[in-house]
1. How many residues are within 26 Å of Ser64 (Cβ to Cβ) and either under 19 Å from the mean Cα position of the chain (by Cα) or hydrophobic (A, V, I, L, M, F, W, C) (or both) if we restrict to region 114-126?
2. Since Gln169 meets every condition but one in (1) within 30 Å of Met1 (Cβ to Cβ); (2) modelled with pLDDT under 80; (3) not basic (Lys, Arg), which condition does it not meet?
3. Looking at region 43-61, can you tell me whether even one residue there is crowded, with 17+ Cβ neighbours inside 10 Å and farther than 29 Å from Glu146 by Cα?
4. I need the full set of residues from region 23-33 which are closer than 17 Å to Leu114 by Cα and surrounded by 13 or more Cβ atoms within 10 Å (Cβ to Cβ), in order please.
5. Tell me the residue from Tyr119, Tyr86 that is in contact with a helix residue (DSSP H, G or I) (Cβ under 6 Å, 6 or more places away or on another chain), at pLDDT 75 or above and not in a loop (DSSP other than H, G, I, E, B), please.
6. Here is a check on your reading of the model: is Ala56 assigned to a helix (DSSP H, G or I), modelled with pLDDT of 75 or more and over 18 Å from Lys125 (Cα atoms)?
7. Confirm whether Phe75 is within 13 Å of the chain's Cα centre (by Cα) and in contact (Cβ under 8 Å) with a residue 24 or more places away in the chain.
Amino acid sequence: MNDKDRYVASVRKARAEHGKWLNAVKVMVSGFEKNKDLVALNQSESPFGVWLNEEAILLSTINSKAALIDVEEMFNECYSLYHKIYHRLFNTKNSSLLSSVFGINKVSVDDLKLSEHYYEELVKKSDQLTNKLRVYENQVQANGEEKFEGLYAKETIFIKEESVEIKTQRYYRGSLISDD
């Protein structure tokens, strides 16, 4: 697999990871999963965020840079909406002492409806993000393979080691013995 194919595959994988992320948020909003650690709260720790910060930046050409900036902005907006959902579903400041002792946090009907509304907005923003990723993938595909050569090559730094002989001082019964 050459570097271009590898990069295109990473774009497709990132798009699939974003879809998995959206499905995990849906599971949380629907109430099937109460685990607040199901989705990373920090966007740079999500698989898509890792791709965006580490791999997407590898190829930042003039014609695809604008699309990549749009993808990043849309991803930030998606996570902003997710934070609103998270706050509504896992807000613990309104919970009682008894519910916190037994680990029972009941979400109010209003919070649930509001989180569902935020989820609908998230789906719309996510669709825009996915479409922009397709545009970005097409722009990447339009580039020649020479732009991708050495994209994944890691630089190896060789350090020349110089050995220096260190004279050790020798002592005999507390007196320094000279090597003269």
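The values are calculated or read from the model by the stated rules, or taken from the named source; none is laboratory data. Values in this document were obtained by computation on a predicted structure and should not be read as measured data. In this analysis, Cβ positions are derived from the backbone assuming ideal geometry, glycine residues included, and neighbour counts consider all displayed protein chains.
1. Looking only at that region, the number is 4.
2. (1)
3. Yes - at least one qualifying residue is present in region 43-61.
4. Val25, Lys26, Val27, Met28, Val29
5. The match here is Tyr119.
6. Spelling it out, Ala56 is indeed assigned to a helix (DSSP H, G or I), modelled with pLDDT of 75 or more and over 18 Å from Lys125 (Cα atoms).
7. Against the criterion (within 13 Å of the chain's Cα centre (by Cα) and in contact (Cβ under 8 Å) with a residue 24 or more places away in the chain), Phe75 qualifies.
Yes or no, residue by residue, for (1) farther than 27 Å from Ala14 by Cβ; (2) in contact with a His (Cβ under 8 Å, 6 or more places away or on another chain); (3) at pLDDT 80 or above:
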residue	(1), (2), (3)
Leu81	no, no, yes
Asn94	yes, no, no
Leu98	yes, no, no
Val101	yes, no, no
Leu114	yes, no, yes
